[in-house]
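K.L.:
First the structure, then my questions, so here it is.
What follows is calculated from the coordinates using simple rules that are stated; it is not laboratory data. On a predicted model such as this, the values are computed, not experimentally measured, just so you know. Here the Cβ positions follow ideal geometry from the backbone for every residue, glycine too, while neighbour counts run over all protein chains shown.
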Amino acid sequence: MNDELYVSVDVETSGPVPGIYSLLSIGACLVSEPTQSIYLELQPDGVKHDPEAVAVTGLDLCKLEREGLPPQVAMLELEQWLNQVCSADQKIVFVGLNAPFDWSFVNYYFHKYSGTNPFGFTALDMKAYYMGVTGCRWRETKSSQMTARFNPQSAPNHNALDDARFQGELFALMLEEACNH
């Protein structure tokens, strides 16, 4: 599997869909080496927000407006980090817990602000992978159930980098179990 580089990615947003709501923070780390990571906070690129979604993030929209990175700069930094950690002979694989949500924002922002998405047009969803590894049903793919089965050392807390590291650890444990069967 050295030809693939698994990158765990988590985002915090101001609402449920890109294009209407803003990407507020991105955390990413290598599944194989979680200390190899990046964390970015972005200026909102619109004013529309869901107060409940923003409350969950723990981020302050006014502070992000002042101190966050412009989205174009943030996406460039993420792309540069990916190029730095990934060798030319490797395929970067976006890994997410509920990847369709996180990937939709990352994909939209890469295309809007950079013109291309280094992850390509797909993502690996941990919930679907977990179903394949365990044979469980969709409703049994909650992170709490995955955590009970695999006992990771870390825990999610709605900080994008901490959550990316948690997801990366959980995915590494899933890979290990899948390889042992």
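K.L.:
What lysines could a cross-link reach from K112, if we take a straight Cα to Cα line under 20 Å and drop same-chain neighbours fewer than 8 places away?
P.N.:
K48
K.L.:
Here's something else I'd like to know. Under a point-charge model restricted to the Cβ atoms of Lys and Arg (+1) and Asp and Glu (-1), what is the dipole moment magnitude of the chain relative to its Cα centre, in debye to the nearest 20? Walk me through the numbers on the way to the answer.
P.N.:
Working: 11 positive and 23 negative charges, 90 e Å.
Rounded to the nearest 20 debye, it is 440 debye.
K.L.:
Note the full-extension length gain between H181 and K91 as 0.36 nm times their separation in residues minus their Cα-Cα distance, in nm to one decimal. Let's see the in-between values first.
P.N.:
Values: separation 90, 0.36 × 90 = 32.40 nm, distance 2.48 nm.
Between H181 and K91, full extension yields an extra 29.9 nm.
K.L.:
Mind checking which of F121, F94, V17 is farthest towards the positive end of the chain's charge dipole, using Cβ charges of +1 (Lys, Arg) and -1 (Asp, Glu) about the Cα centre?
P.N.:
V17
K.L.:
Among the lysines, which fall within straight-line cross-link reach of K142, defined as a Cα-Cα distance under 21 Å, with same-chain neighbours fewer than 8 residues apart omitted?
P.N.:
In chain and number order, the partners are K127.
K.L.:
How high is the relative contact order of the chain, in percent, with contacts defined as C-alpha pairs under 8 Å that are six or more residues apart? Each step should come with its number before you reach the end.
P.N.:
Numbers: 316 pairs, mean separation 50.8, N = 181.
Relative contact order comes out at 28 percent.
K.L.:
Quick one: work out the % antiparallel among DSSP beta bridges in the range 4-179, nearest 5.
P.N.:
Values: 12 of 21 bridges.
Antiparallel: roughly 55 percent of the beta bridges in the range 4-179.
K.L.:
For the range 1-110, which trypsin sites (Lys or Arg not before Pro) are both in a DSSP coil and crowded by at most 12 other Cβ atoms within 10 Å?
P.N.:
Numbers: sites: K48, K63, R66, K91; in loops: K48.
Qualifying residues, ordered by number: K48.
K.L.:
Could you derive backbone 3J(HN,Hα) for the range 169-178 from the dihedral phi with the Karplus parameters 6.51, -1.76 and 1.60 (θ = phi - 60°), listing whole Hz in sequence and x where the residue is Gly or Pro?
P.N.:
5, 4, 5, 4, 5, 5, 4, 4, 5, 5
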